[in-house]
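Everything below concerns the one structure shown next.
The values are calculated or read from the model by the stated rules, or taken from the named source; none is laboratory data. Here the structure is a predicted model, which means the values were calculated and not measured. Methodologically, a virtual Cβ is constructed for each residue, glycine included, from the backbone with ideal geometry; neighbour enumeration extends over all protein chains shown.
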Amino acid sequence: MKASSMLRVTTASLCSYCHVRTLRLPVAFASTSAVTPPTKRPENQHTVRSLYQLSVDIRKVREFKAWVLSEGSAYVSETADLLRDMGADATAIARILETHPEAVLCRPEDAAAQRDLWVSVCPDRRQLLSVVEKFPASFFTLTHQGDQRANVLYLRSLGLGDRIIGKLMASAPQSFGRPVELNQEVIHTLRETYLDLGGDEGNLRVWLRKLLSQNPYILLRPAEAWRDSLGFLREQGFTTEELLGLVSNLRASIAELQPEVMRQALGYVEGTLACSKDELKQTVTRCPAILYYSMPTLVGRFQGLMDVGVSVEQVKESPNALELTTQIVLYRVQKLASHGYDVRSGSLDVITGTKKDFEASCVRLHLRRQRPLFNPVAPLRSAEE
């Protein structure tokens, strides 16, 4: 029996006017029948020619976003003109359209409205173009422009600068495409948390600025999740002052705190380091990152330290060593050994810190080894003296 096929077409919307990928699903066939592949929609030759004239790699578009080339309506030249007006040269335009060819499906008036919104946050066209090149999908996602405007106004009312707002819009567009009331609730919770823990109202704006700039996705975490995480830490005996220190040191990483993850991490550290409750709190205060590391991460990093001959007591004295990956620990231990320093008999503090801090420590060790036993430029004393 000759097989027949049916196509079910569903269309998702990139914006209110732009149609995106069409999904074709063949219905089930009898096991004895051969499946006839779905008929491929013909490409829009005008779109293909227009992209080709802009030096866009059509092969790349066909490989990753072939459906774009089959859409009936596309605005290739208009999109290119908009990018050109923003300062993009031919190379930049081709690169943007290769990365995000869906851009050509957006109506020119909608894309222009999006440009005007982003220009209001980032008036420097060169900087704006740089953002668009890095995050073309964010720029050309035109849904919920009303929510985007409302969120821009709200964040400005908090005293946040346009640079931070622009970064949020580019790297976390989801937080701008939702009702402003949701973001207001999260900010209100963060504000109340900071003040309840003894934070100063005068420093609140600076704290929020650092928080949002370091982790643009922080607004996407539900407000009640913040309360649950900090409530868990209170139950563990952390004082208000200690909690404020943790919140301030973790900054954006507090978005990753989850009660169950923290419970497992604290239990592991307490058992592995043979800590008392007070020692455990001191360890966490010195290395807050412990609170959001998963169990596999913690176990792997602790074992990595043991493998290079470090003792449990050394880890307890310098818990920040757990912030380093096993590969970094091995590299730093070997480099220190080349300078005559054995971490097994010294402090682990020398391997912690940033790459710049570590390199400075190596320089000091090298100079110490090269220091002569006498000053070669000092004048020699004569027998008469």
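Worth a mention:
- Of all residues in the range 320-353, those satisfying the criterion of being of a type in the set (Gly, Ala, Ser) and either in a loop (DSSP other than H, G, I, E, B) or touching a strand residue (DSSP E or B) at 6+ places or on another chain (Cβ under 6 Å) (or both) are GLY340, GLY346, SER347, GLY353.
- The C-beta contact set for the range 178-192 (first residue under 12 Å from LEU208 (Cβ atoms), second residue assigned to a loop (DSSP other than H, G, I, E, B), distance under 8 angstrom, 6+ apart or interchain) comprises VAL186/ARG221; VAL186/PRO222; ILE187/LEU158.
- Residue within the range 108-122 that is crowded, with 19+ Cβ neighbours inside 10 Å, aliphatic (A, V, I, L, M) and farther than 26 Å from ARG178 by Cβ present: no
- Summed over the range 246-258, residues that are buried (at least 16 other Cβ atoms within 10 Å of the Cβ) and assigned to a helix (DSSP H, G or I) total 9.
- Residue pairs whose Cβ atoms lie under 6 Å apart, sitting 6 or more positions apart in sequence or on different chains, and linking a residue in the range 294-321 that is free of Cβ contacts under 8 Å to residues at least 60 places away in the same chain and under 15 Å from LEU273 (Cβ atoms) to a partner that is among the acidic types (Asp, Glu) and surrounded by 13 or more Cβ atoms within 10 Å (Cβ to Cβ), are SER318/ASP349.
- Some residue of the range 283-293 being within 27 Å of LEU244 (Cα to Cα), surrounded by 13 or more Cβ atoms within 10 Å (Cβ to Cβ) and among the charged types (D, E, K, R): yes
- Residues located in the range 318-365, provided they are exposed (fewer than 14 other Cβ atoms within 10 Å of the Cβ) and more than 27 Å from TYR293 (Cα to Cα): ALA337, SER338, GLY340, ASP342, SER345, ALA360, VAL363, ARG364
- Among the residues of the range 265-282, none qualifies, meaning not one is outside any loop (DSSP other than H, G, I, E, B), out of contact with any Gly (no Cβ under 6 Å at 6 or more places or on another chain) and under 25 Å from ALA172 (Cα atoms).
- The range 176-222, residues that are within 20 Å of the chain's Cα centre (by Cα) and of a type in the set (Gly, Ala, Ser): GLY177, SER213
- Residue count for the range 241-273, restricted to those that are touching a residue at least 40 places away in the same chain (Cβ under 8 Å) and acidic (Asp, Glu): 2
- The one condition from (1) crowded, with 17+ Cβ neighbours inside 10 Å; (2) at pLDDT 90 or above that GLU270 does not meet is (1).
- Candidates ARG234, ARG209, filtered to the one that is in a helix (DSSP H, G or I) and without any contact (Cβ under 8 Å) to a residue 40 or more places away in the chain: ARG234
- Residues (aliphatic (A, V, I, L, M) and closer than 11 Å to PHE139 by Cα) located in the range 97-111: ALA103, ALA111
- In the range 191-205 there is no residue that is surrounded by 16 or more Cβ atoms within 10 Å (Cβ to Cβ), at pLDDT 85 or above, in contact with a Pro (Cβ under 8 Å, 6 or more places away or on another chain) and assigned to a helix (DSSP H, G or I).
- Per the listing SER55, SER33, SER13, the residue uniquely more than 30 Å from GLY146 (Cβ to Cβ) and modelled with pLDDT under 50 is SER33.
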